[in-house]
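To start, the structure itself, in structure tokens.
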């Protein structure tokens, strides 16, 4: 080996070691906060927490090694030409990496999710807006987390040469050897599979997870874009057989198209005949979950009003949200759409594939369609999606401020996400008094059950939640940790009570069908499994119901359009000629069995699909479970069933990707036309 090579290797080794020492200290502190502070309640003893901490450090060293063998070597070469530039690069890159560590950690502990490639689908302003909703936490529970981590990083940058010289005084080899052997021993001690599964999320390297998912997603996207016609044909054929859909001549170009059956999962038998076209009010309840609402809620119920209403309507406590964010409920409950990709199907903005939907069908039959929302209609593209579905009136925060319906407020006075639920209920009925159109379709969305949970009269609702917690399983423990969330649940329930009690006094009440559904589980409460994130109640209520009934069936958001439009079909002139539909769901089953009557696909808000329910089994994140009463899960070892569900998940993703990319969701001849052809539903501002 010549002198130049030896010199290069020595310089590279010193540079890598220098950067490693700068980063390792704050990373160890960050992981210490995670395990011993944020996750402290997850461990039975300090010993088990320490074992997880050591395993986490082992994983971070692996990630750090990969990082240093790429950027570290590059920076070492820069050092040969410019020490100033080298110092600048390691300072900037170290700060950036620690920011990523802190951000991915805070995201995990506030959203209960690991940050992945979805970050690529937000623009800078959207990221700032989301970060702003959590800004209060930086001066609260995360204050010392950030201060200590950055302080140690700055100290390591300042004294890096001193630290390096200390280690190089004849002890470097010993330190590396002992450290390496320690890590290897810890790795083998903790190689127990049970330990790994129980604490996988606690020990995972969050930046590594982020970067690996970004890379994997880029390659997966390329593979889907290069599918052959044969691969699409075979995937479609296999999937339709799995779903028990009939074959038709259109399926190779329109994979989701199937014959429209207005008899399937009909709810008409539960209703008396309406004398005139019935009205429809859909209420999307932010964060509402069956884990804390209803008589079988495993945390106990904090929704006394809704509990009383469940007993008066058609109620599905085992309903499933197909995604884990609010925009998913728009696509699924209104139109039974596939998941889409890159932040979900609503991210297509006003270039959505042509499709059927509840508001489109009703508006095409003379209904006045309205959207009332205390937030901003542009958020997650709610408004362009609804406009494309013939919703002609939008009362959101922007509209109400612009038209002096409410006074504009400063950020200090305002709720992070808009207008609180009780005030919005009053505004909803002010709207009803100003527009006397019947028949009508109204979509009302609540907001207050969302972080940062800064509801009005908070002390009052905290005290109500405290009293409700007294006789509940683990009630005190849950309350002590999540009193603000529980208070917001009680507040939302009272707002919904105000909503219905006011409606009961109105003349249109007798001729109206109400549908209440949670969009997804609120983040921050204990969950038995990942399925709890999707566990929501679904209720249909009307004065024209013949009877009330509770169903055990596992149904999904995507089942709503089939059953609602079948219920309304006798009153819709333009609905009679529909030959095909694209519903992913099949309607709300009433067989009263703890099982899904057809496969249900579950995904995240970024469009990824990670679960499928078939009968009373679920494949979720590649683990097979049996679904028991009240959506309890038990692990199952059935390789044949697991492989079948894995295959159909892949087939669904193939069809989903093709359909959205090629705009092949619905046959053109089955498109419903809005009566007023002069109305322009295209919004170029959303497509810029």
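Each value in this text was obtained by applying a stated rule to the coordinates, not by laboratory testing. Please read these numbers as outputs of a predicted model, since none were measured by experiment. Glycine gets a Cβ as well: all are built from the backbone with ideal geometry, and neighbour counts include every protein chain shown.
Structure above, values below:
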| quantity | calculated |
| --- | --- |
| Simple spin-label estimate for residue 622 and residue 28 in nanometres, 7 Å along Cα-Cβ | 3.2 nm |
| Contour excess over end-to-end distance, with Cα ends at residue 376 and residue 498 and 0.36 nm allotted per residue | 41.6 nm |
| Part-to-part distance (alpha-carbon centres) for segment 554-568 and segment 15-64, which is given in Å | 48 Å |
| Order of 376, 417, 144 - criterion: other Cβ atoms within 10 Å of each residue's Cβ, fewest first | 144, 376, 417 |
| Per-peptide average of other Cβ atoms within 10 Å, ordering 433-445, 547-559 highest first | 547-559, 433-445 |
| Rounded FRET efficiency, nearest 0.05, which uses the C-beta distance separating residue 579 from residue 643 and R0 of 35 Å | 0.45 |
| In nm, spacing of pseudo-spin labels at residue 36 and residue 508 (7 Å Cα→C-beta vector) | 6.0 nm |
| At R0 = 25 Å, FRET efficiency that the Cβ-Cβ distance of residue 402 and residue 454 yields, to 0.05 | 0.50 |
| Most to least packed among 251-258, 87-94 [average Cβ atoms within 10 Å] | 251-258, 87-94 |
| Label point at residue 261 placed 7 Å out along Cα→Cβ; residues across segment 231-252 whose backbone nitrogen lies under 14 Å | 241-248 |
| Segment 264-400 shape via C-alpha gyration tensor axes, a/c threshold 1.5 | oblate |
| Protection-proxy order for peptides 470-477, 450-457, 314-321, each taking the mean of Cβ atoms within 10 Å per residue, highest first | 314-321, 450-457, 470-477 |
